[in-house]
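Here's the structure we're looking at; comments come further down.
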Amino acid sequence: MSEPWNLRTDDEREANIKTNFIIFCEDEVSEPVYFKYFETDKIKINCIPKQNSMMGNVKRAILHCQKNKLLSEKEDSIIEGTQVWCVFDRDKEETMEKIELENIEFDESIDVAKRKGLKVAWSNDAFETWILIHFEEVNQSERKDVYDRLTEIFKALPEPNEDLLKAQIPYIKMCLSHY
């Protein structure tokens with residue numbers, strides 16, 4: 001039906017379905033700003049910042065889904081039209097014991113998320129390094145260099161979205177200084 005003034009001859013309609021993504025982010029600046037760029041008229045992005053890493057992130061996502069009735073009757077899947085993602089870094093550890101403990105927590109957090117119908121995405125080491133790779137080739141460098149370079153790139157973007165402007169990118173360095 002190309003002309004809107006023509007009468008319809010059938011009862012079929014296209015559904016007005018907007019997919020809702022709820023993304024539990026580890027940090028409060030980089031990840032939410034990045035994911036908001038994917039929002040369209042058919043996709044709604046809701047980022048929930050500062051949700052910890054691995055199992056802490058997954059537990060907070062499950063609690064949110066329970067409180068907001070996003071889990072199905074059996075509590076093993078998310079209601080239709082919504083995707084819940086847990087996003088976190090998999091930081092490099094220094095000692096073998098810390099590496100082994102992190103590996104256990106990492107695997108368990110993914111298993112728990114899958115059992116509840118949540119999706120998981122992670123970056124090995126730092127999410128910000130992954131973002132920088134979108135713009136240029138990245139050698140093994142210190143995180144400080146990554147944040148400085150991202151600040152330069154984001155300041156030079158021709159039409160930054162509202163979230164990027166609110167973040168005032170030098171703020172990334174302050175928020176992430178705990179790394």
Checked segment 29-46 for anything under 17 Å from I131 (Cα atoms) and of a type outside the set (D, E); matches are V29, S30, P32, V33, Y34, F35, K36, Y37, F38
Being closer than 22 Å to F21 by Cα, of a type in the set (A, V, I, L, M) and at pLDDT 75 or above: is that true of V112 here?
yes
Counting just the residues of segment 60-105 that are over 19 Å from F24 (Cα atoms) and among the β-branched types (V, I, T), which one comes out surrounded by the fewest Cβ atoms within 10 Å (Cβ to Cβ)?
T95
Out of the residues in segment 1-39 that are in a loop (DSSP other than H, G, I, E, B) and surrounded by 10 or more Cβ atoms within 10 Å (Cβ to Cβ), which is modelled with the lowest pLDDT?
V29
Can you pull out every residue in segment 93-136 that is touching a strand residue (DSSP E or B) at 6+ places or on another chain (Cβ under 8 Å), assigned to a loop (DSSP other than H, G, I, E, B) and of a type outside the set (G, A, S)?
L118, D125
Restricted to segment 55-79, and to residues that are without any contact (Cβ under 8 Å) to a residue 24 or more places away in the chain and of a type in the set (A, V, I, L, M), which residue is nearest to T151 (Cα to Cα)?
L63
Residue count for segment 131-149, restricted to those that are touching a Ser or Thr at 6+ places or on another chain (Cβ under 8 Å), surrounded by 18 or more Cβ atoms within 10 Å (Cβ to Cβ) and at pLDDT below 75:
0
If I ask for residues that are without any contact (Cβ under 8 Å) to a residue 12 or more places away in the chain and either of a type outside the set (F, W, Y) or touching an Asp or Glu at 6+ places or on another chain (Cβ under 6 Å) (or both), which ones from segment 116-135 would you list?
I133, H134
Can you tell me which residue in segment 40-59 is surrounded by the fewest Cβ atoms within 10 Å (Cβ to Cβ), limited to those that are of a type outside the set (K, R) and assigned to a helix (DSSP H, G or I)?
G56
For A126, state whether it is crowded, with 18+ Cβ neighbours inside 10 Å and within 23 Å of V29 (Cα to Cα).
yes
Might you check whether a residue that is basic (K, R) and in contact (Cβ under 8 Å) with a residue 24 or more places away in the chain occurs anywhere in segment 44-54?
yes
Please work out if L118 is surrounded by 14 or more Cβ atoms within 10 Å (Cβ to Cβ) and at pLDDT 75 or above.
yes
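The values are calculated or read from the model by the stated rules, or taken from the named source; none is laboratory data. These numbers come from a predicted model, not from an experiment. Cβ sites come from the backbone with ideal geometry, for glycine too, and all protein chains shown count toward neighbours.
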